[in-house]
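Nothing in this text is a laboratory measurement; each read-out follows from the coordinates by a stated rule. Since the structure is predicted, the reported quantities are computational estimates derived from the model, not experimental observations. Positions of Cβ are backbone-derived with ideal geometry, glycine not excepted, and every protein chain shown enters the neighbour counts.
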Amino acid sequence: MQYAKEIYMMSPSYITDIFRFYNMAAGVMLRIDKAQLTAMPEHIVTDFCAVLNYASEFTPKLLSGIDFADIFRLTVKLLSREYAHLVRNYNLRAKLGDLIHDIFLPGTSDDRSDVPDSVACDPLAGGQPYLTSDKLAQETLAPSLLLLYGEVEHTGFYEKNGHRTKIAKMLKYLWGSPEHKAAFKRITEDKESFRKFANGIVNEMNSQFASVMERLPAIRTVQLQMANPQEWAALSEEDRETITSRHEENERSIKQVLPLCNSVMKMLGFLNTDKDIRDMFLLPDMCPRLANMLLHVLTKLVGSRGLDLKVNNPETYNFRPKEMLQDLCVVFSSFAAADEFQVECAKSGYYTPDLMNKSVKTCRKLGLLVGESMELFAELASKVEEASKIMTSDEDLYEDAPDEFMDPLLSEFMNDPVLLPTSGNIVDRKTITQHLLNDSMDPFNRKELKLEDVVPAVELKAKMDAWLAAKRKARAKTS
């Protein structure tokens, strides 16, 4: 039965009729009001996604000459925040995102498929791509993709990697389009949603990159074993089968995960050229984790164990260490002038002066950064080292701090204490902000809690400031 369906899908006349039917159906759904649209059978969306995704992969040439304008507009509409409730299935929403990437992302922007460029363009807009000519897309698609980036978490481990890689590529394309600049500006106004998106990026890079850096040395070890006939032959057949099976699993995982890591790092680079977006990543709950993640990646790429990553045919795994290091250093340079970023780099357990200095030398040697970007990255190394020295000298100030000044969850001196009305406990604002990004409950009694409900602990803050001032004054007298 499956083969019979596929044969039909190869028939030009049959598939052309299907495309036209679904585009007409999409046109009907675009013209009915929002209340009636709630009665839309979800299988219609499932069907046209399945047909178009199949065609983009196996019969892309048959898409040429067909009008897909209404399908594009309906897809954009269903992905928007206003209409997201109409398609609640996360897997189906992910397929809507894939559809835009596979069919409507201009081919020159990515080696995504063999779909003719004309399919992605609106003949009524002078051949301009639908992505840049459509008004609804200009207003809603960028924030919709940020929302979708979080939603695909529910689609499965390997599936979400593929979906997010495509979303990152679409965001990069939209970022370069003047028509979408206003939408990107509005994104930062919804601080809660953007925080969740930024938090997801940092979480993902931490977990995914850790997986990559664990599997690449394992792949190298097996490659060296297999390259030595005597060593390989000395193993039992059972051991060889076990090693080969694990090796193939590592290769599959790397090929799935690395494209996403590469896309996310590039996305961090272009998004943070915008000051408003950069400021969001510098918030107290985000900056420490961002700095830690970036330094972790830097440690693996230029650290003392870099040789462990030297696998055969790295391109087959999408592993391009030079390009990855360049993208990473671009991100570092975009945050280099921010005092809070310098301090958080100095606090990171991954930071060492040698690491930063070696990274600067490597960038210069390979020509990865030039001009102002190179200067900023070089200055960052010296500023972080200076911040580290100041931080070390301040550590003794907190040694005998009263328990009430310490965050009960992280055992750190609080900078901005806030009261949780649901439990009556006091924690640092950045601690509870980070917690609520992943869990909407008070960590002490599991009651529902929103960030806007926390109350500044004004009296405690004044007491802490007075205590610190006295400690600094006493230290100044003895020095």
- In whole angstrom, note down how far apart the Cα centers of segment 274-313 and segment 27-95 are. 37 Å
- Message: Within 10 Å of each candidate Cβ there may be at most 13 other Cβ atoms; applying that plus a DSSP loop requirement, which GluC sites (Glu not before Pro) in segment 144-205 survive?
- Response: GLU189
- Quote the FRET efficiency, to the nearest 0.05, computed for ALA462 versus LEU410 with a Förster distance R0 of 25 Å and r equal to the Cβ-Cβ distance. 0.70
- Proximal lysines relative to LYS181, as straight alpha-carbon distance under 23 Å, when same-chain residues fewer than 8 apart are discounted: LYS77, LYS135, LYS166, LYS169, LYS172, LYS191, LYS196, LYS266, LYS275
- Task: Please get the size of the charge dipole for the chain, origin at its Cα centre, with Cβ charges of +1 on Lys and Arg and -1 on Asp and Glu, quoted in debye to the nearest 20.
- Result: 660 debye
- Among 287-294, 239-246, the order from most to least packed when residues are scored by Cβ within 10 Å on average: 287-294, 239-246
- Percent RCO, i.e. relative contact order, over the chain, from Cα pairs under 8 Å lying at least 6 residues apart: 9 percent
- Query: For the pair LYS191 and ALA35, what calculated FRET efficiency results from E = 1/(1 + (r/R0)^6), where r is the Cβ-Cβ distance and R0 = 30 Å, to the nearest 0.05?
  - Reply: 0.45
- segment 296-357: which trypsin sites (Lys or Arg not before Pro) are DSSP loop and have at most 14 other beta-carbon atoms within 10 angstrom? ARG305, LYS310
- Over segment 2-187, what relative contact order in percent results from Cα pairs under 8 Å that are six or more residues apart? 21 percent
- Just grab the label-to-label distance for ASP403 and LYS135, each label 7 Å out from Cα along the Cβ direction, in nm (one decimal). 6.4 nm
- Message: Tell me which trypsin sites (Lys or Arg not before Pro) from segment 363-460 have a DSSP coil assignment and no more than 16 other beta carbons within 10 Å of their own.
- Response: ARG446, LYS447, LYS450
- Sequence ranges 210-219, 26-35, ranked by mean other-Cβ count within 10 angstrom, highest first: 210-219, 26-35
- Between ASP276 and GLU241, take the C-beta separation as r, use R0 = 56 Å, and let me know the FRET efficiency to the nearest 0.05. 0.55
- Positive dipole terminus of the chain, leading residue within GLN256, ALA35, LEU171 (C-beta point charges): LEU171
- Computed over segment 317-462: relative contact order in percent, which uses C-alpha pairs under 8 Å that are six or more apart: 17 percent
- Query: For the pair LEU224 and LYS473, how long in nm is the line joining their label points, each one 7 Å along Cα→Cβ?
  - Reply: 6.1 nm
- Using +1 at the Cβ of each Lys and Arg and -1 at the Cβ of each Asp and Glu in the chain, identify which of PHE270, GLY367, ILE103 lies farthest towards the dipole's positive end. GLY367
- For PHE21 and MET391 in the same chain, what is the full-extension length gain: residue separation times 0.36 nm, less their Cα-Cα distance, in nm? 126.6 nm
- Give me the number: length gained by fully extending LYS61 to LEU307, i.e. 0.36 nm times residue separation minus the C-alpha to C-alpha distance, one decimal in nm. 84.1 nm
